[in-house]
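The values are calculated or read from the model by the stated rules, or taken from the named source; none is laboratory data. Here the structure is a predicted model, which means the values were calculated and not measured. Note that we place each Cβ from the backbone using ideal geometry, even for glycine, and neighbour counts take in every protein chain shown.
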Amino acid sequence: MSEAEPPTVTTPEPAQARVFCVANQKGGVGKTTTTVNLAAGLAKVGQRVLLVDLDPQGNATMGSGIDKRALNLSVYDVLLEAATVAESRQRSDVGGYDVLGANRELAGAEVELVTLDRRDQRLRGALRVVTADYDFVIIDCPPSLSLLTLNGLCSAHGVIVPMQCEYFALEGLTDLVNTIKQVHANLNRDLQIIGLLRVMFDPRITLQQQVSEQLKAHFGSKVFDAVIPRNVRLAEAPSYGRPGVVFDPASRGAQAYLEFAREMVERVKQMA
Ligand code: ADP
Ligand code: MG
């Protein structure tokens, strides 16, 4: 009997989650709707997802069917390093993904973080421990370029920018693009704009079509193919504590977000 060959040990790298920020410093542009429906859409196509709510309004938490007023631990505790992500996350049963929730307490973190070291790297450090648990981490940012948003950008591989095709849409992008460039240069070499997502789109409005064409001419493949229509079912879903793609899967809005989720899965394959 010959000596057994020593087994060639190939320990595969554990799959690492891709982390995306949904950001736009304007309020009411569809960040939270995009975060919640992307998370639920990715879950529907079999991806393991963590949603991180970085907005003290807690809308993404509520929209996932989790009561923000009843959180024992939240992203606030994680940012202050008083708790881990594993201790603080909750399951969204309706959405099929995990949630690191937020509520009003988070507004205080902004002030408390300022005097602490690594104040912009807190979320990144906390997420690193759980990246093997997920395929995607999706972060809902507040409507500002604040320290909270900075924590999101420092944690992410990419930024998803939802935008309405309005007259000043391009102009409004300048500050965000500059911030992303600075973060890329100084704090997070991984960061890139993954894409612009046209939301609340109404093809009957000529101006929206024109701005949409301008976006494509200007940003090319950075504009996602999926287009999210204005659809009342998406707006109704949060009051039922459900993502739109779960609340009314057949609606046009839900179908568009599912298509977007599939597009994200494809984009991530190209990034790898
Ligand atoms: P943000 O997080 O950027 O402040 P939201 O996602 O909360 O924006 O959206 C702002 C408002 O617009 C909400 O009332 C939401 O329900 C509504 N909304 C978002 N996307 C759509 C859509 N595609 N169709 C109709 N209403 C939408
Ligand atoms: Mg929001």
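I need a count of the residues in region 44-84 that are in a strand (DSSP E or B) and within 15 Å of ligand 2 (Cβ to nearest atom).
Step one: of region 44-84, the residues in a strand (DSSP E or B) are 49-53.
Imposing the further condition that a residue be within 15 Å of ligand 2 (Cβ to nearest atom) reduces the set to 51-53.
Count: 3.
Does Val161 satisfy the criteria of being under 28 Å from Val265 (Cβ atoms) and not polar (S, T, N, Q)? Reasoning before the result, please.
Working: under 28 Å from Val265 (Cβ atoms): yes; not polar (S, T, N, Q): yes.
Considered against the rule, which asks whether it is under 28 Å from Val265 (Cβ atoms) and not polar (S, T, N, Q), Val161 comes out as yes.
Pull out all pairs, ordered by first then second residue, where Cβ-Cβ is under 7 Å, the residues are six or more apart or on different chains, the first lies in region 125-146 and is among the β-branched types (Val, Ile, Thr), and the second is assigned to a loop (DSSP other than H, G, I, E, B).
What qualifies is Val129/Thr84; Thr131/Gln16; Thr131/Ala17; Val137/Ala17; Ile139/Leu54; Ile139/Ala156.
Sort out which residues of region 102-143 are under 13 Å from the mean Cα position of the chain (by Cα), within 17 Å of Asp55 (Cα to Cα) and not charged (D, E, K, R), and write them in order of number. I'd like the intermediate steps shown before the answer.
So in region 102-143, the residues under 13 Å from the mean Cα position of the chain (by Cα) come out as 135-142.
If we keep only those that are within 17 Å of Asp55 (Cα to Cα) too, we end up with 137-142.
Residues satisfying the conditions are Val137, Ile138, Ile139, Cys141, Pro142.
So which residues in region 85-115 are of a type in the set (A, V, I, L, M) and either touching a residue at least 12 places away in the same chain (Cβ under 8 Å) or in a strand (DSSP E or B) (or both)?
From region 85-115, those of a type in the set (A, V, I, L, M) are 85-86, 94, 99-100, 102, 106-107, 109, 111, 113-114; that's our starting set.
Residues satisfying the conditions are Val85, Ala86, Val94, Val99, Leu100, Ala102, Leu106, Ala107, Ala109, Leu113, Val114.
Name the single residue, out of those in region 227-252 being in a loop (DSSP other than H, G, I, E, B) and not aliphatic (A, V, I, L, M), that is nearest to ligand 2 (Cβ to nearest atom). Spell out how you get there, then give the answer.
Initially, region 227-252 is screened for residues in a loop (DSSP other than H, G, I, E, B), giving 230-231, 241-243, 248-251.
Now restrict to residues that are not aliphatic (A, V, I, L, M): 230-231, 241-243, 248-249, 251.
Values: Arg230: 17, Asn231: 17, Gly241: 16, Arg242: 16, Pro243: 14, Asp248: 21, Pro249: 23, Ser251: 20 Å.
Filtering region 227-252 for residues that are in a loop (DSSP other than H, G, I, E, B) and not aliphatic (A, V, I, L, M), the one nearest to ligand 2 (Cβ to nearest atom) comes out as Pro243.
The rows are residues; the columns are (1) surrounded by 14 or more Cβ atoms within 10 Å (Cβ to Cβ); (2) farther than 17 Å from Met163 by Cβ.
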site	(1), (2)
Glu213	no, no
Lys222	yes, no
Val227	yes, no
Pro238	yes, yes
Val246	yes, yes
Gly253	yes, no
Phe260	yes, no
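In the set Val211, Val268, which member is part of a helix (DSSP H, G or I), under 30 Å from Val94 (Cβ atoms) and modelled with pLDDT under 95?
On the way: Val211 fails: under 30 Å from Val94 (Cβ atoms).
One residue alone meets the criteria, Val268.
His218 - would you say it is more than 20 Å from Leu153 (Cα to Cα) and either more than 16 Å from ligand 2 (Cβ to nearest atom) or part of a strand (DSSP E or B) (or both)? Talk me through it step by step, then tell me what you get.
Details: more than 20 Å from Leu153 (Cα to Cα): yes; either more than 16 Å from ligand 2 (Cβ to nearest atom) or part of a strand (DSSP E or B) (or both): yes.
Answer is yes for this residue.
For Leu123, state whether it is in contact with a helix residue (DSSP H, G or I) (Cβ under 6 Å, 6 or more places away or on another chain), at pLDDT below 95 and away from ligand 1 (no atom under 16 Å from the Cβ). First the steps, then the outcome.
On the way: in contact with a helix residue (DSSP H, G or I) (Cβ under 6 Å, 6 or more places away or on another chain): yes; at pLDDT below 95: no; away from ligand 1 (no atom under 16 Å from the Cβ): yes.
Against the criterion (in contact with a helix residue (DSSP H, G or I) (Cβ under 6 Å, 6 or more places away or on another chain), at pLDDT below 95 and away from ligand 1 (no atom under 16 Å from the Cβ)), Leu123 does not qualify.
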